[in-house]
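For reference, the structure is listed below as structure tokens.
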Amino acid sequence: MNTGRLAVDLAGLKLANPTMLASGILGYSAETLNSIAENGAGAVVTKSVGLKPRRGYPNPTVVQVDCGLINAMGLPNPGITEFAAEIRKTKAAINVPLIVSVYGYSEDEYAAVAKKAVEAGADAIELNVSCPHVKDTGSEIGQNPRVLDAVVKAVKAATDRQVFVKLSPNVTDITEIAGVAAKAGADALTVINTVRAMAIDAETAMPILSNERGGLSGSAMKPIAVRCVYDVYEHVKVPIVGCGGVADWRDAVEFLLAGASAVQIGTALALEGPEVFRAVTRGIDKYLRRKGFKSVNDVVGLSHRN
Ligand code: RRO
């Protein structure tokens, strides 16, 4: 495989190939993050971590539906102080960029968690301003332009590493929010977090998830995510990382053509296993060779007519 052809540069963060582990899937421990890297991911993103530990919601927290998963985990995490040890261990073991996903309840909290994550060895930060179902954080931050602007600026001031901002599709106009994040200093945008959804059991006549509402991931959300990437690409100049339903090379190429410079994979990993990273990377490489492209960068945004 020609790594030169597949190499991408996300605002200075260099990846050997354009596949990344999406936040929230197997992103808790050094062992699993390392195993994802060994399975060919170009970069890994951890599960979101906050200032203090959080239990998350009671079970059931995930339900499989047609073409995807609905989850309402509720941001379970050990807090940054404990997670810092895992970041150090991961950093010592892996040879791909380590991106730590952070959340908070105020701009100061986001900045404090990001600073600690970088001190522990994070190569870059992804801001979770898009979790669809936890009060006072996540999408409640990312849906409010004024608050989002303050959070991105505070984190940029607290660290010199790349700051990715993960956007929610659950907004009226994602391009407006993308513009706010980019203007506030976001180095890259991850497009998108899960789509608000729910499932109801016919026998019990009750919502299946303990939190009732959750976020839909997997192939059911891919066309929504592709449209969001396409829209955002026309409005902002910062690199975009596509996320939502990538399960094979064709899905990945679709995101690249829409304007993504790289793609994140989560649900396909949970449903099909870690071989997905190598399979997607090989497929992209074959596609580039078949079409005569020298670099993956040459296809980014190619589907836009002007
Ligand atoms: O933990 C979760 O329930 C969760 C998060 Br933080 C997120 O960003 N997106 C999602 O679908 N679930």
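When the stretch 98-120 is limited to residues that are open to solvent by less than 20 Å² (accessible area, probe 1.4 Å) and part of a loop (DSSP other than H, G, I, E, B), the one that is nearest to the ligand (Cβ to nearest atom) turns out to be TYR103. Summed over the stretch 157-180, the residues that are among the polar types (S, T, N, Q) and either open to solvent by less than 30 Å² (accessible area, probe 1.4 Å) or outside any loop (DSSP other than H, G, I, E, B) (or both) give a count of 4. Taken over the stretch 247-275, the residue count meeting the criterion of being in contact (Cβ under 8 Å) with a residue 40 or more places away in the chain and either part of a helix (DSSP H, G or I) or in contact with a strand residue (DSSP E or B) (Cβ under 8 Å, 6 or more places away or on another chain) (or both) is 19. Whether any residue in the stretch 181-193 is open to solvent by 10 Å² or more (accessible area, probe 1.4 Å), among the β-branched types (Val, Ile, Thr) and either within 17 Å of ALA260 (Cα to Cα) or more than 15 Å from the ligand (Cβ to nearest atom) (or both) is what I want to check. No, the stretch 181-193 has no match at all. Only one entry in ALA270, ALA247 is within 14 Å of THR19 (Cβ to Cβ) and not β-branched (Val, Ile, Thr), namely ALA247. Restricting the first member to the stretch 8-26 and to residues that are on the phi > 0 side of the Ramachandran plot and among the aliphatic types (A, V, I, L, M), and the second to residues that are buried (at least 24 other Cβ atoms within 10 Å of the Cβ) and assigned to a strand (DSSP E or B), the beta-carbon pairs closer than 7 Å and six or more apart or on different chains are ALA11/ALA188. Is there a residue in the stretch 200-215 that is under 21 Å from GLY68 (Cβ atoms), open to solvent by less than 30 Å² (accessible area, probe 1.4 Å) and more than 11 Å from the ligand (Cβ to nearest atom)? No, the stretch 200-215 has no match at all. Among the residues here, VAL236 qualifies as part of a loop (DSSP other than H, G, I, E, B) and open to solvent by less than 30 Å² (accessible area, probe 1.4 Å).
Within the stretch 115-142, track down each residue that is of a type in the set (A, V, I, L, M) and farther than 19 Å from GLY56 by Cβ.
If we filter the stretch 115-142 for residues that are of a type in the set (A, V, I, L, M), which is where we start, we get 117-118, 120, 122, 124-125, 127, 129, 134, 141.
The answer is ALA117, VAL118, ALA120, ALA122, ALA124, ILE125, LEU127.
When you scan the stretch 131-138, do you find a residue that is among the hydroxyl-bearing types (Ser, Thr, Tyr), touching a Cys at 6+ places or on another chain (Cβ under 9 Å) and within 15 Å of the ligand (Cβ to nearest atom), even just one? The answer is yes, given that some residue of the stretch 131-138 is among the hydroxyl-bearing types (Ser, Thr, Tyr), touching a Cys at 6+ places or on another chain (Cβ under 9 Å) and within 15 Å of the ligand (Cβ to nearest atom).
Can you list the strands (runs of 3 or more DSSP E) found entirely within the stretch 1-79 that contain at least 1 residues being open to solvent by 50 Å² or more (accessible area, probe 1.4 Å)?
Working: elements: 8-10, 13-15, 19-21, 43-45, 62-65, 68-71.
Where strands (runs of 3 or more DSSP E) fall fully within the stretch 1-79 and carry at least 1 residues being open to solvent by 50 Å² or more (accessible area, probe 1.4 Å), they are 8-10, 13-15, 62-65.
Looking at the stretch 65-83, can you tell me whether even one residue there is touching a residue at least 24 places away in the same chain (Cβ under 8 Å), within 12 Å of the ligand (Cβ to nearest atom) and among the charged types (D, E, K, R)? No, the conditions are met nowhere in the stretch 65-83.
The values are calculated or read from the model by the stated rules, or taken from the named source; none is laboratory data. From a predicted model like this one, the values you see are computed outputs, not experimental measurements. A quick note on method: Cβ atoms are made from the backbone with ideal geometry, for glycine too, and the neighbour counts reach across all protein chains shown. In case anyone asks, the SASA skips ligands and DNA or RNA and just uses the protein heavy atoms, side chains included. Shrake-Rupley method; radii C 1.70, N 1.55, O 1.52, S 1.80 Å.
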